[in-house]
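Asker: Structure below; questions to follow.
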């Protein structure tokens with residue numbers, strides 16, 4: 001976004017942006033009469049703008065890799081970046097397997113987002129070549145019926161992100177944004193305690209020495225690293241996500257943001273559905289921006305509702321089709337017989353697969369059934 | 001916080017003037033628009049919009065707390081760390097102390113199973129002084145179907161706590177703490193709720209019971225989508241009331257028979273038929289909780305009361321802390337009591353099924 005750097009008046013800037021010119025490169029190939037027509041200004045004014053733009057552009061040093069398009073990253077570089085990404089385990093090996101190792105940092109997991117580029121194009125009128133153009137940004141949305149374990153998974157992730165580097169974890173902190181009041185602090189303590197016990201067990205197994213290999217972490221330390229925000233309206237939700245920019249620059253060790261649930265406050269209060277979609281997309285884009293800038297994972301928990309499709313009623317994610325489409329990664333938690341399953345409904349990089357998991361007193365774990373297997377669809 | 005006036009937030013003069021000129025007076029108005037819409041509306045550049053929004057957001061955003069300080073705060077300030085013991089030992093143990101403060105707990109079951117009896121017992125318990133396991137405060141009981149019986153309440157009191165209730169003044173004191181409201185319409189209920197919210201803390205109200213939520217909503221003439229909208233507002237209001245006052249809120253719900261509208265599958269499940277195990281539950285129980293899936297999401301703890309082959313069970317169907325356990329219970333002159341404190345663990349979605 002370099003238009004704002006141009007020394008032109010505010011209303012001219014506003015007109016440029018409303019017409020869709022957000023980067024200097026977009027002004028390079030247009031004539032002054034076309035620009036005048038698009039911006040509805042006089043030709044001399046348009047010529048002035050172009051002169052200022054070309055002057056600014058000339059004084060910039062051009063980087064070889066983005067000389068074609070500003071802000072783009074080559075696919076090779078992206079692959080390299082992705083391989084060096086750390087993963088947050090969900091504590092269930094089967095679930096981790098289908099998620100390709102766990103939840104990626106720098107990705108936002110949300111269930112129900114389709115193509116990022118479509119949303120970017122249609123909502124913000126940004127050209128694909130802006131800073132948001134990298135396609136490694138993904139949102140992960142996790143949805144399921146009440147009681148399936150969404151909050152449990154959210155708390156488990158907030159605890160697991162803190163697993164130290166020595167144990168293959170990220171050693172980071174977590175932000176837990178609670179919109180419904182479902183975060184139960186005693187449960188978080190239980191899960192933290194069990195996580196530390198598992199780490200001690202692993203330590204003992206690995207080190208194989210018979211002395212006391214106690215982990216020096218206490219459940220209280222884990223709870224101290226979870227930043228808890230309680231949201232009571234959608235205005236607060238939007239305000240908080242805007243504020244997170246500042247918060248995250250002050251707390252650089254946060255590695256995951258869990259929003260439980262992202263849908264609750266948006267299901268009432270909105271008469272104009274189109275407006276709601278715009279606000280949601282704006283919020284989602286900000287979250288993606290945070291994920292990219294601070295290299296963290298964003299996990300959004302979603303409620304489900306019933307939808308009438310194809311002459312029958314089915315379960316679908318709340319907040320409508322547009323919201324469902326804004327997410328690239330979508331995970332559905334559902335009941336299959338007597339077991340809880342997680343199914344990757346949509347993902348550009350992971351295969352559609354389902355895995356069983358269970359909710360135990362110690363948190364989310366592998367399903368204990370003997371015939372468990374990962375089903376590739 | 002959402003209704004904070006823009007004029008109270010010290011924004012740079014120029015942008016503050018533009019906001020008021022365009023009639024954006026509260027933070028909610030400003031934050032409901034995307035950055036783009038604001039730029040167009042106010043005719044200012046992106047930087048100014050962004051900096052104004054970040055200033056507004058910083059003020060409107062709620063403060064954070066670490067989970068540790070949350071836990072310490074709860075254990076220091078609240079009764080048993082924020083739990084209200086029901087007197088049913090097995091259930092209290094499963095729920096980590098009792099019914100949680102600040103969230104909705106639902107009792108759902110077929111007619112005559114004992115929901116109102118349970119509510120009466122809880123109201124009584126809440127009015128008792130703390131050394132008897134109570135909350136030592138007032139209880140607001142919203143009785144929609146006129147099921148509240150003060151005679152039964154006093155009978156329960158006499159049987160369970162004879163040392164208190166045998167003395168007439170004490171009985172009067174305790175019973176005097178339970179305020180019964182009988183709204184005749186949803187509108188009246190809404191009005192009462194709004195009044196309650198305002199006077200809750202100063203009147204020492206320690207528990208709210210709504211018996212029953214389903215009866216309130218079903219009495220209205222609206223159907224379908226309009227009904228969902230009305231319910232949404234109430235759900236939100238009651239939750240925020242519970243949250244801000246940190247009291248336990250118990251709501252009862254009815255059952256209805258399952259109809260073909262009830263969805264239980266996702267589109268991907270319908271497509272791939274292989275490997276999907278047919279849930280036996282679907283053919284076994286034809287009853288589901290009323291009020292729909294939005295309500296089911298909103299309650300934090302769901303206790304299902306059902307009768308199966310002559311025995312009654314109270315099941316913890318949804319809880320952030322408890323495993324899915326079923327406890328056999330019966331109703332006696334001293335209220336409701338468990339036949340066994342060891343709950344039986346129920347596998348799978350069977351925990352949500354309601355038998356009668």
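The values are calculated or read from the model by the stated rules, or taken from the named source; none is laboratory data. The structure presented is a predicted model; accordingly, all values stated were derived computationally and were not measured. Cβ coordinates were reconstructed from backbone atoms using ideal geometry, including for glycine residues, and neighbour counts include every protein chain displayed.
Asker: Given the criterion crowded, with 23+ Cβ neighbours inside 10 Å, farther than 21 Å from residue B:255 by Cβ and within 22 Å of the chain's Cα centre (by Cα), identify the matching residue among B:108, B:139.
Answerer: B:139
Asker: Please work out which one of (1) at pLDDT below 85; (2) closer than 23 Å to residue A:230 by Cα is the condition residue B:227 fails and give its number.
Answerer: Status for residue B:227: all satisfied but (2).
Asker: Look through the range A:354-377, keep the residues that are at pLDDT 80 or above and part of a loop (DSSP other than H, G, I, E, B), and return whichever of them is surrounded by the fewest Cβ atoms within 10 Å (Cβ to Cβ). Full working, then the answer.
Answerer: In the first step, residues of the range A:354-377 are kept if they are at pLDDT 80 or above; the result is A:354-365.
Then keep just the ones that are part of a loop (DSSP other than H, G, I, E, B); that gives A:361-362.
Working: A:361: 12, A:362: 15.
Ranking the qualifying residues of the range A:354-377, first place goes to A:361.
Asker: Something else now. Could you tell me which residue of the range B:239-267 is nearest to the other protein chains (Cβ to nearest Cβ), considering only residues that are out of contact with any helix residue (DSSP H, G or I) (no Cβ under 7 Å at 6 or more places or on another chain), within 25 Å of residue B:81 (Cβ to Cβ) and buried (at least 20 other Cβ atoms within 10 Å of the Cβ)?
Answerer: Residue satisfying both the conditions and the ranking: B:242.
Asker: OK, next. For the range A:277-302, how many residues meet the condition of being in a strand (DSSP E or B) and within 11 Å of chain B (Cβ to nearest Cβ)?
Answerer: Counting residues in the range A:277-302 that are in a strand (DSSP E or B) and within 11 Å of chain B (Cβ to nearest Cβ) gives 2.
Asker: When you look at residue B:196, is it touching a strand residue (DSSP E or B) at 6+ places or on another chain (Cβ under 9 Å) and either part of a loop (DSSP other than H, G, I, E, B) or surrounded by 12 or more Cβ atoms within 10 Å (Cβ to Cβ) (or both), yes or no?
Answerer: yes
Asker: A further question on this structure: Tell me which of these residue A:243 doesn't satisfy, since it passes every other one: (1) crowded, with 20+ Cβ neighbours inside 10 Å; (2) within 17 Å of the chain's Cα centre (by Cα); (3) in contact (Cβ under 8 Å) with a residue 12 or more places away in the chain.
Answerer: Status for residue A:243: all satisfied but (3).
Asker: Residue B:33: free of Cβ contacts under 8 Å to residues at least 12 places away in the same chain, touching a helix residue (DSSP H, G or I) at 6+ places or on another chain (Cβ under 9 Å) and closer than 19 Å to residue A:246 by Cα, yes or no?
Answerer: When the stated conditions are applied, residue B:33 does not pass them.
Asker: Checking the condition crowded, with 16+ Cβ neighbours inside 10 Å and over 22 Å from residue B:249 (Cβ atoms), which residue from B:353, B:317, B:298 passes? Give the derivation first.
Answerer: Working: B:317 fails: over 22 Å from residue B:249 (Cβ atoms); B:298 fails: over 22 Å from residue B:249 (Cβ atoms).
On inspection, the qualifying residue turns out to be B:353.
Asker: Got a number for residues in the range B:160-187 being within 21 Å of the chain's Cα centre (by Cα), in a helix (DSSP H, G or I) and loosely packed, with under 14 Cβ neighbours inside 10 Å?
Answerer: Summing the residues that are within 21 Å of the chain's Cα centre (by Cα), in a helix (DSSP H, G or I) and loosely packed, with under 14 Cβ neighbours inside 10 Å in the range B:160-187 gives 1.
Asker: Are there helices (runs of 4 or more DSSP H) fully within the range B:1-111 with at least 3 residues that are modelled with pLDDT of 85 or more, in contact with a strand residue (DSSP E or B) (Cβ under 7 Å, 6 or more places away or on another chain) and more than 7 Å from chain A (Cβ to nearest Cβ)? List them.
Answerer: Helices (runs of 4 or more DSSP H) meeting the threshold: B:89-94.
Asker: Kindly state which strands (runs of 3 or more DSSP E) lie completely within the range B:282-327 and contain at least 3 residues that are within 12 Å of another protein chain (Cβ to nearest Cβ).
Answerer: In the range B:282-327, B:301-308, B:311-318 are the strands (runs of 3 or more DSSP E) which contain 3 or more residues that are within 12 Å of another protein chain (Cβ to nearest Cβ).
Asker: Still on this structure, I have one more. Which condition from (1) modelled with pLDDT under 65; (2) closer than 26 Å to residue B:305 by Cβ is the one that residue B:254 breaks?
Answerer: Looking at each condition in turn, residue B:254 falls short on (1).
Asker: Moving on to the next point. Given the criteria modelled with pLDDT under 90 and surrounded by fewer than 20 Cβ atoms within 10 Å (Cβ to Cβ), does residue B:335 qualify?
Answerer: So residue B:335 fails the test.
Asker: Where residues in the range A:303-353 are part of a loop (DSSP other than H, G, I, E, B) and within 11 Å of another protein chain (Cβ to nearest Cβ), which of them is modelled with the highest pLDDT?
Answerer: Among them, the one singled out is A:303.
Asker: If I filter the range A:246-260 for residues that are assigned to a helix (DSSP H, G or I), at the interface with chain B (Cβ under 8 Å from one of its Cβ atoms) and closer than 24 Å to residue A:172 by Cβ, do I get at least one hit?
Answerer: Taking every residue of the range A:246-260 in turn, at least one turns out to be assigned to a helix (DSSP H, G or I), at the interface with chain B (Cβ under 8 Å from one of its Cβ atoms) and closer than 24 Å to residue A:172 by Cβ.
Asker: Here's something else I'd like to know. Taking the range A:261-276, which residues are facing chain B (nearest Cβ under 10 Å), within 19 Å of residue A:231 (Cβ to Cβ) and part of a helix (DSSP H, G or I)?
Answerer: A:264, A:265, A:276, listed by residue number.
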